[in-house]
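Below is one structure, written out as structure tokens, with a few remarks after it.
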Amino acid sequence: MNELYAVVGNPISHSKSPRIHSLFAAQTGEPVEYTAIQAPLDGFAETVREFFAKGGKGLNVTVPFKEQAWQLADRRSERAEKAGAANTLYQDSQGRLVADNTDGAGLVTDLKVNAGITLAGRRVLVLGAGGAVRGVLGPLLAEQPGELVIANRTVAKAQGLASLFRDEAGPAELRACGFGAVNGAFDVIINGTSASLQGDLPPLPATVITPATVVYDMMYAAGDTPFNEWARAQGAGKVLDGLGMLVQQAAESFRIWRGVEPQTVPVIEELRNH
Ligand code: ATR
């Protein structure tokens, strides 16, 4: 008998998670059935309760419910606690609802393992200071970059995140500023803004990019994202989008639920090509 998993969001019809988890299940032979559930905007908690009441084993949570998932949980992993949002839910042996956040681990694994990029000691620029960025800062800082600059349109929000993560920065210099105040060239630039949804680009000085710069847009698109198109035009050495992060965060959820680590590279390739 298959065990039931799902992703919950609103809207949900474009989610790639059912396809990703079905590929993982086929590859590993795990008895996983994974569907997509659209929860009403005012009915997330009820949807979660119903899912587990009818025997569901685990949920992924996406926009706009990640903060609600965090609030609803009886227990949270350390990384979810700090992220302020959860993308993975399951029940422990006592039936308590446990929340985790695998987004940051997904980003770091995609950068390090799939793309072979070192973050340790590097100058890293993170653009944005919303939920998506808060979700990845802990795992990024755990890689011990030499310096991490958070730049955002609303500078106060970048400053808020820098204070929140100060304790996790260790020897890394952690700074916050506006886009115009970003200085010098960076080894790695990660775009976590939603600017491209409005067809905008964060107004960065072109000097942030050199031929040695790796640019990573946490969004993904069939072609280049607007940000990555800009980065390529400035001569960035390597330009990546968030498809690998999406598959890696899914793999980390799968591992939490099933205790089995699926291979991600064939799944990333399959999604990229079809
Ligand atoms: P998410 O969950 O995707 O992080 P969010 O919490 O609403 O969503 O955060 C969106 C991020 O994209 C914020 O950093 C936002 O900047 P502000 O904090 O100044 O609002 C950034 N953003 C959204 N639209 C933008 C635009 N047109 N130009 C630059 N940054 C933008």
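The values are calculated or read from the model by the stated rules, or taken from the named source; none is laboratory data. From a predicted model like this one, the values you see are computed outputs, not experimental measurements. Quick reminder, even Gly has a Cβ in these numbers, built from the backbone with ideal geometry, and neighbours come from all protein chains shown. Side chains are part of the model used for accessible areas, which takes the heavy atoms of the whole protein and leaves out ligands, DNA and RNA. Shrake-Rupley method; radii C 1.70, N 1.55, O 1.52, S 1.80 Å.
Taking the condition open to solvent by 60 Å² or more (accessible area, probe 1.4 Å), in a loop (DSSP other than H, G, I, E, B), modelled with pLDDT under 95 and over 24 Å from Gly138 (Cα atoms), does Ala222 pass?
Answer is yes for this residue.
Looking at the range 1-95, what strands (runs of 3 or more DSSP E) fall wholly within it and have at least 3 residues that are under 25 Å from Ala221 (Cα atoms) and at pLDDT 95 or above?
3-9, 32-38, 58-61
State which residue is most open to solvent (accessible area, probe 1.4 Å) when the search covers only the range 108-150 and only residues that are in a helix (DSSP H, G or I) and within 13 Å of the ligand (Cβ to nearest atom).
Among those residues, the one meeting the criterion is Arg134.
Checking Leu201 against (1) more than 16 Å from the ligand (Cβ to nearest atom); (2) touching a helix residue (DSSP H, G or I) at 6+ places or on another chain (Cβ under 7 Å); (3) in a loop (DSSP other than H, G, I, E, B), which test does it fail?
With (1) more than 16 Å from the ligand (Cβ to nearest atom); (2) touching a helix residue (DSSP H, G or I) at 6+ places or on another chain (Cβ under 7 Å); (3) in a loop (DSSP other than H, G, I, E, B) applied to Leu201, the lone miss is (1).
Condition first: touching a strand residue (DSSP E or B) at 6+ places or on another chain (Cβ under 6 Å), closer than 28 Å to Ile268 by Cα and of a type outside the set (Phe, Trp, Tyr). Can you find one or more residues in the range 165-188 that meet it?
yes
Of the residues Leu271, Leu240, Leu246, only one is hydrophobic (A, V, I, L, M, F, W, C), in contact (Cβ under 8 Å) with a residue 12 or more places away in the chain, open to solvent by 20 Å² or more (accessible area, probe 1.4 Å) and under 18 Å from Pro18 (Cβ atoms); which?
Leu246
Out of all the residues in the range 204-214, which are within 24 Å of Met245 (Cβ to Cβ), open to solvent by less than 60 Å² (accessible area, probe 1.4 Å) and either within 16 Å of the ligand (Cβ to nearest atom) or in a loop (DSSP other than H, G, I, E, B) (or both)?
Result: Leu204, Val208, Ile209, Thr210, Thr213.
If we keep just the residues of the range 162-189 that are more than 21 Å from Pro211 (Cα to Cα) and either part of a loop (DSSP other than H, G, I, E, B) or open to solvent by less than 10 Å² (accessible area, probe 1.4 Å) (or both), which is farthest from the ligand (Cβ to nearest atom)?
Per the criteria, the residue is Pro171.
Touching a Phe, Trp or Tyr at 6+ places or on another chain (Cβ under 9 Å) and open to solvent by 60 Å² or more (accessible area, probe 1.4 Å) - does that describe any residue in the range 49-58?
Looking for residues that are touching a Phe, Trp or Tyr at 6+ places or on another chain (Cβ under 9 Å) and open to solvent by 60 Å² or more (accessible area, probe 1.4 Å), one finds at least one in the range 49-58, hence yes.
Sort out which residues of the range 39-57 are touching a helix residue (DSSP H, G or I) at 6+ places or on another chain (Cβ under 9 Å) and either closer than 22 Å to Ala132 by Cβ or not assigned by TED's automatic domain parsing to the domain that holds Arg258 (or both), and write them in order of number.
Once the filter is applied, which keeps residues that are touching a helix residue (DSSP H, G or I) at 6+ places or on another chain (Cβ under 9 Å) and either closer than 22 Å to Ala132 by Cβ or not assigned by TED's automatic domain parsing to the domain that holds Arg258 (or both), the range 39-57 yields Ala39, Phe44, Val48.
Report the residue count in the range 151-161 for those that are polar (S, T, N, Q) and not in a loop (DSSP other than H, G, I, E, B).
1
Check off (1) in the same structural domain as Arg76 (by TED's automatic domain parsing); (2) within 15 Å of the ligand (Cβ to nearest atom); (3) touching a Pro at 6+ places or on another chain (Cβ under 8 Å) for Thr193 and give me the number that stays unchecked.
(1)
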